[in-house]
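Novice: I have a structure here, written as structure tokens, and I will follow up with some questions on it.
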Amino acid sequence: MESAQSPHFARAGFRRRFGSWVYDLLIIVAIYMLSGYICVALFVFLDSLGLMSLVRTDFDIDWQASHVGYQIAFNAWAIAWVCGFFLYFWCKKGQTLGMRAWRLRVQNTDGSLISLSTGVKRLIFTLLGLGNLLVIVDRKNKLSLQDRLTDSEVVLLSLEANRGRL
């Protein structure tokens with residue numbers, strides 16, 4: 001399973017990274033919406049029990065008039081689920097679903113899967129995808145900002161290696 005070593009696979013260029021990012025963006029939007037729905041349902045349930053107070057207008061919740069803590073909790077909850085998506089797939093499989101479609105894998109430079117702490121660092125250093133722009137400038141090494149700062153890399157798998165990761 002860990003036969004995908006760095007010397008056997010070339011590093012991924014910007015276009016493939018961007019393509020996988022677009023695929024993952026669609027999944028992220030769905031995760032954000034679903035986690036938001038769950039959070040709102042929880043808030044409404046707690047409001048019905050009298051444990052929290054939401055400002056309502058007719059059938060709607062007026063989020064602008066509600067306590068700012070609820071908005072912070074809502075966004076923190078949804079962002080935590082999105083981060084969890086990336087961390088789970090990077091650390092367990094080395095690929096998100098978008099990366100799988102584009103035959104990409106994130107790994108340490110020795111070819112092993114990244115650890116949870118490395119995944120968290122990659123999330124912080126990616127700067128909402130802007131860290132990947134460094135790949136355009138550094139065409140020789142094809143390393144993004146998060147690759148450099150976490151001693152990891154994104155490689156392009158062969159068709160056989162990608163199929164074998166099912």
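Novice: Give me the pairs: first residue in segment 62-89 and over 30 Å from residue 115 (Cβ atoms), second residue in a loop (DSSP other than H, G, I, E, B), beta-carbon distance under 7 Å, and six or more apart or on different chains, which are they?
Specialist: Pairs found: 62/55; 65/55; 66/54; 66/55; 71/63.
Novice: Can you name the residue in segment 72-109 that is of a type in the set (Phe, Trp, Tyr) and at pLDDT 95 or above and is also surrounded by the most Cβ atoms within 10 Å (Cβ to Cβ) among such residues?
Specialist: 90
Novice: Looking at residue 43, is it closer than 19 Å to residue 124 by Cβ and either part of a helix (DSSP H, G or I) or in contact (Cβ under 8 Å) with a residue 24 or more places away in the chain (or both)?
Specialist: Criteria not met by residue 43.
Novice: Only residues that are assigned to a loop (DSSP other than H, G, I, E, B) and either in contact (Cβ under 8 Å) with a residue 24 or more places away in the chain or buried (at least 19 other Cβ atoms within 10 Å of the Cβ) (or both): list them for segment 152-166, please. Spell out how you get there, then give the answer.
Specialist: Taking segment 152-166 as the starting set, the residues that turn out to be assigned to a loop (DSSP other than H, G, I, E, B) are 157-158, 164-166.
Scanning segment 152-166 gives 157, 158, 165.
Novice: Quick check on residue 65: is it hydrophobic (A, V, I, L, M, F, W, C), surrounded by fewer than 16 Cβ atoms within 10 Å (Cβ to Cβ) and assigned to a helix (DSSP H, G or I)?
Specialist: Answer is no for this residue.
The values are calculated or read from the model by the stated rules, or taken from the named source; none is laboratory data. On a predicted model such as this, the values are computed, not experimentally measured, just so you know. Positions of Cβ are generated from backbone atoms using ideal geometry, with glycine treated the same way; all protein chains shown enter the neighbour counts.
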